[in-house]
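**Student:** Pasting a structure below so you can have a look.
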Amino acid sequence: MAKKFYDPKTTNGVQWKTNNVSIGVPMTWYKTTFKTPDGTNPVVLDLTGLQKGEAWVNGQSFGRYWPAMLAENKGCSDTCDYRGEYNADKCLSGCGEPSQRFYHVPRSFLNNDVNTLVLFEEIGFGATPLNVSVQTVTVGSICATADYGKNLELKCPEGKTMSEIQFASYGDPEGSCGSFKVGEWESRYSKTVVEKTCIGKQSCSINVTSSTFRLKKGGTNGQLAVQLSCGGSNPEDNRVQSVRAF
């Protein structure tokens, strides 16, 4: 830290290696550059592949990272019903996934064009910086409803994909965008069906029928209401440079 490897303005005489990047080595510094994403959407770093350490953009620390800290690998289910008595283990999600994967980078830290990213990986074992990417997140939601027998069409802006289903209910949902709530009945598979059909895609189409949502024929015809968020990624194809800190 005393040599300020994280500060691109510091001239400390260190030669950053541009070939044979050290992977899986403890106490290693990595450096690369990336272009500022267009627009005004929030910028995040996807630090998948790293273990534990600290990160800087243009010499500004945006905190410590620890994506190797994983949530418990049990307790999640493809089906979920929030109704009834509250339980802390009810409707768990993200089992076996990093407790935090995306780290916010304030746009005030960014230059108008090219930025310098420096990572200090402490643990090293099993870590690789080659999967690190710069991404932008869209703030806001897309909503749509469709009656029985219709197709519900959803589409994110260009370059964005559906990243989170915030609400999905096939039955008699109530409310409007931003305030949807479950009605008197719904299919318990509502969110599962929408997630499998739409997550990761720019657009998707859902045939609104009872069979789509695993309900028996002859049941009450329902309506589908969906609210989702769109996210986008802008992975920077940059060579990662490294220097070993002794």
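The values are calculated or read from the model by the stated rules, or taken from the named source; none is laboratory data. Source: prediction; values computed, not measured. Cβ sites come from the backbone with ideal geometry, for glycine too, and all protein chains shown count toward neighbours.
**Student:** List every residue pair whose Cβ atoms sit under 8 Å apart, with the two residues 6 or more apart in sequence or on different chains, where the first one lies in the stretch 89-118 and is at positive phi and the second, anywhere, is of a type in the set (S, T, N, Q) and modelled with pLDDT under 90.
**Tutor:** Sorted first by the residue in the stretch 89-118, then by its partner, the pairs are CYS91/SER77; GLY96/ASN73.
**Student:** While we're here: Hey, among SER179, SER190, SER203, SER163, which residue is among the small types (Gly, Ala, Ser) and either assigned by TED's automatic domain parsing to the domain that holds SER93 or surrounded by 20 or more Cβ atoms within 10 Å (Cβ to Cβ) (or both)?
**Tutor:** Criteria check complete, one pass: SER190.
Residue-wise test of (1) among the hydrophobic types (A, V, I, L, M, F, W, C); (2) within 20 Å of CYS80 (Cβ to Cβ); (3) more than 20 Å from the chain's Cα centre (by Cα).
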site	(1), (2), (3)
CYS156	yes, no, no
TYR170	no, yes, yes
TRP185	yes, yes, yes
TYR189	no, yes, yes
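**Student:** Residue pairs, Cβ under 9 Å, 6 or more apart or interchain, first in the stretch 195-206 and in contact (Cβ under 8 Å) with a residue 24 or more places away in the chain, second in a loop (DSSP other than H, G, I, E, B) and not basic (Lys, Arg). List them.
**Tutor:** Qualifying pairs under 9 Å: LYS201/CYS156; GLN202/CYS156; GLN202/PRO157; GLN202/GLU158; GLN202/GLY159; SER203/CYS156; ILE206/THR212.
To keep it simple, each residue is scored yes or no on (1) in a loop (DSSP other than H, G, I, E, B); (2) touching a strand residue (DSSP E or B) at 6+ places or on another chain (Cβ under 9 Å); (3) at pLDDT below 95.
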residue	(1), (2), (3)
ASN111	yes, no, yes
PHE125	yes, no, yes
LEU130	no, no, yes
THR136	no, yes, yes
LEU154	no, yes, yes
SER179	yes, no, yes
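**Student:** Filtering the stretch 26-54 down to residues that are among the aliphatic types (A, V, I, L, M) and over 18 Å from PRO106 (Cα atoms), which residue is surrounded by the fewest Cβ atoms within 10 Å (Cβ to Cβ)?
**Tutor:** Across the stretch 26-54, the extreme among qualifying residues is MET27.
**Student:** Considering only the stretch 125-151, state which residues are in contact with a Lys or Arg (Cβ under 9 Å, 6 or more places away or on another chain) and either farther than 20 Å from ALA168 by Cβ or among the charged types (D, E, K, R) (or both).
**Tutor:** ALA127, VAL134, THR136
**Student:** For the stretch 55-97, which positions are surrounded by 12 or more Cβ atoms within 10 Å (Cβ to Cβ), under 21 Å from LYS196 (Cα atoms) and not small (Gly, Ala, Ser)?
**Tutor:** CYS76, CYS80, LYS90, CYS91, LEU92, CYS95, GLU97
**Student:** Right, another one. Among the residues of the stretch 30-53, write down those that are within 23 Å of ASP113 (Cα to Cα) and assigned to a strand (DSSP E or B).
**Tutor:** Across the stretch 30-53, the qualifying residues are TYR30, LYS31, THR32, THR33, PHE34, LYS35, VAL43, VAL44, LEU45, ASP46.
**Student:** Let me ask another. Checking the structure you have, find out if any residue of the stretch 123-132 is over 21 Å from the mean Cα position of the chain (by Cα) and either surrounded by 13 or more Cβ atoms within 10 Å (Cβ to Cβ) or outside the structural domain of PRO67 (by TED's automatic domain parsing) (or both).
**Tutor:** yes
**Student:** Which of the residues that make up the stretch 90-106 are farther than 21 Å from ALA168 by Cα, out of contact with any Asp or Glu (no Cβ under 8 Å at 6 or more places or on another chain) and not hydroxyl-bearing (Ser, Thr, Tyr)?
**Tutor:** The answer is GLU97, PRO98, GLN100, HIS104, VAL105, PRO106.
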